[in-house]
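Chemist: One structure follows; several queries about it will come next.
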Amino acid sequence: MYAQMIKSEATQDDPEQLAAFQARIDAGEKIEPKDWMPEGYRKTLIRQIGQHAHSEIVGQLPEGNWITRAPTLERKAILLAKVQDEAGHGLYLYGAAETLGVSRDELTEMLLDGRMKYSSIFNYPTLNWADIGAVGWLVDGAAIMNQVPLQRTSYGPYSRAMIRICKEESFHQRQGYDAIRRMAEGSDAQKKMAQDALNRLWYPSLMMFGPSDKDSVHSAQSMAWKIKMNTNDELRQKFVDQTVPQAEYLGLTVPDPDLKWNEARGHYDFTDPDWTEFYEVLKGNGPCNTDRLAARNKAWDEGAWVRDGLLAHARKRTARKMAAE
Ligand SMILES: [Fe+2]
Ligand SMILES: [Fe+2]
């Protein structure tokens with residue numbers, strides 16, 4: 001199905017149809033699953049929503065790692081709820097992608113064999129409890145920055161999924177900030193852990209907005225289609241401007257000696273992440289790429305009997321229902 005869709009993309013879209021489609025988007029109308037859409041729009045959305053769904057699912061791994069070791073029962077309950085939310089986000093997003101004609105199984109297979117990506121941030125390890133606070137604060141914080149504008153994206157099912165997801169993401173960000181605040185206000189050893197977590201996660205968080213605008217291949221068309229609402233650099237700047245005062249409040253130092261407020265621009269000047277590292281992680285050479293994919297493949301293989309059982313059960317029920325009618 002997906003291969004067929006890629007092939008059909010070669011066929012030219014009718015210019016009149018394309019103009020009418022663009023006019024609907026410009027007028028702020030939502031595009032719904034049964035509406036006509038250019039193949040490029042469909043394909044870009046499948047890639048973007050699919051990648052987003054995979055990120056929610058793979059993103060459970062670094063945090064799931066700490067559920068059994070949360071320092072208190074309260075923190076454990078909060079983390080458990082957050083990780084469950086991420087599973088839910090993955091499901092809404094797979095549901096939104098399915099309306100574009102690709103099945104969840106196809107998307108999962110493309111994740112498992114490396115044809116589709118997930119956010120590179122989840123290829124970094126969570127080494128201690130402070131990392132869990134930093135992930136909520138920085139990673140969910142960056143995710144919100146990306147996702148709030150997507151509530152207004154042109155594709156109806158995606159925009160509706162984002163509205164619900166954003167409500168939950170703001171809880172994730174707050175619980176992270178609260179957790180790291182406790183560490184930052186704690187003993188010297190705890191303060192050191194909080195600082196160390198910020199040192200390691202700062203640049204990977206900045207990378208979450210994608211490459212610099214001058215190297216971003218998909219931007220212009222995606223912006224015209226309102227699949228992307230802001231450029232990568234705009235969002236990255238917004239994130240830095242919001243996060244630096246939070247770090248200051250915590251008494252932590254952002255690991256960037258050149259970071260400073262630029263009065264004339266009304267923004268912080270900051271050092272870009274190391275893009276060589278970004279592309280290496282994307283290619284599969286980050287610290288945890290192999291582990292993350294191995295964990296997803298293992299879960300998929302070991303869950304085969306559950307899927308088979310559910311399908312057999314559904315078939316039996318349908319057969320019984322039909323016999324009774
Ligand atoms: Fe999420
Ligand atoms: Fe989240």
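No lab work stands behind these numbers, since they all come straight from the coordinates. These numbers come from a predicted model, not from an experiment. A quick note on method: Cβ atoms are made from the backbone with ideal geometry, for glycine too, and the neighbour counts reach across all protein chains shown.
Chemist: So how tilted is helix 304-324 from the main axis of the chain? Cα-based, degrees 0 to 90, rounded to 10.
Modeler: 40 degrees
Chemist: Could you tell me whether segment 117-182 comes out rounded, prolate or oblate from its Cα gyration tensor? Rule is a ≥ b ≥ c as square roots of the eigenvalues, rounded for a/c under 1.5, then prolate if a/b exceeds b/c, otherwise oblate.
Modeler: oblate
Chemist: For the chain, rounded, prolate or oblate, judged on the Cα gyration tensor with a ≥ b ≥ c (square roots of eigenvalues), a/c < 1.5 rounded, else prolate if a/b > b/c?
Modeler: oblate
Chemist: How charged is the neighbourhood of Ala323? Take every other residue with its Cβ under 14 Å from the Cβ of Ala323, and add Lys/Arg as +1 and Asp/Glu as -1.
Modeler: +4
Chemist: Starting at the first residue of segment 295-301, write each ³J(HN,Hα) from the Karplus equation 6.51 cos²θ - 1.76 cosθ + 1.60 with θ = phi - 60°, in whole Hz, x for Gly and Pro.
Modeler: Coupling constants for segment 295-301: 5, 5, 5, 5, 5, 5, 5 Hz.
Chemist: Can I ask one more? Considering the dipole of the chain built from charges on the beta carbon (Lys and Arg +1, Asp and Glu -1) around the Cα centre, which of Pro255, Asn199, Thr44 is farthest to its positive end?
Modeler: Thr44
Chemist: Also, quick follow-up: Quick one: check the C-alpha center-to-center distance for segment 15-92 versus segment 218-242, whole angstrom.
Modeler: Value for the Cα centre distance between the two parts: 16 Å.
Chemist: Let me spell out the model: positive unit charges on the Cβ of Lys and Arg, negative unit charges on the Cβ of Asp and Glu, origin at the Cα centre of segment 12-74. What dipole size does that give, in debye rounded to 20?
Modeler: My answer is approximately 280 debye.
Chemist: Here's another thing I want to ask about it. How much net charge surrounds Glu277 when only the other residues with a Cβ under 13 Å from the Cβ of Glu277 are counted, with Lys and Arg +1 and Asp and Glu -1?
Modeler: Taking every Cβ under 13 Å from that of Glu277, the sum is -1.
Chemist: Quick one: which residues, 5+ away or cross-chain, put their amide H under 5 Å from the amide H of Gly186? H built at 1.01 Å from N.
Modeler: Lys191
Chemist: A further question follows. What is the local net charge at Ser120, summed over the other residues whose Cβ is closer than 13 Å to its Cβ (Lys, Arg +1; Asp, Glu -1)?
Modeler: 0
Chemist: Now a separate question. Using only the alpha-carbon atoms, how far is helix 188-207 inclined from the longest principal axis of the chain? Give it as 0 to 90 degrees, nearest 10.
Modeler: It is inclined by approximately 40 degrees.
Chemist: Want the number for Gln221 to Asp196: 0.36 nm per residue separation, take away the alpha-carbon distance, what's left?
Modeler: 5.1 nm
Chemist: Could you give the size of the charge dipole of segment 246-325 about its Cα centre, using +1 on the Cβ of each K and R and -1 on the Cβ of each D and E, expressed in debye and rounded to the nearest 20?
Modeler: For this selection, approximately 1260 debye.
Chemist: Under a 10 Å cutoff between Cα atoms, tell me which one of Tyr118, Tyr249, Tyr92 has the largest fluctuation in the Gaussian network model of the chain.
Modeler: Of the options given, Tyr249 has the highest mean-square fluctuation.
Chemist: Residue by residue, what Karplus-based ³J(HN,Hα) values in Hz, rounded to whole numbers, does segment 98-104 have, using 6.51, -1.76 and 1.60 with θ = phi - 60° and x for Gly and Pro?
Modeler: 4, 5, 9, x, 10, 8, 5
Chemist: Which residue fluctuates most in the GNM of the chain (Cα springs below 10 Å): Glu86, Glu98, Glu263?
Modeler: Glu263
Chemist: Under a point-charge model restricted to the Cβ atoms of Lys and Arg (+1) and Asp and Glu (-1), what is the dipole moment magnitude of the chain relative to its Cα centre, in debye to the nearest 20?
Modeler: Here the size comes out at about 1180 debye.
Chemist: Next question. Could you pull out every residue, at least 5 positions away or on a different chain, whose amide H is within less than 5 Å of the one on Tyr155? Hs are placed 1.01 Å off N in the peptide plane, and Pro or chain starts have none.
Modeler: Ile31
Chemist: Taking only pairs that are 8 or more places apart or on different chains, how many Lys pairs in segment 1-133 have Cα atoms under 24 angstrom apart?
Modeler: 7
Chemist: Amide H of Met116: which non-local residues (sequence gap of 5 or more, or other chain) have their own amide H closer than 5 Å, using H built in the peptide plane?
Modeler: Leu111
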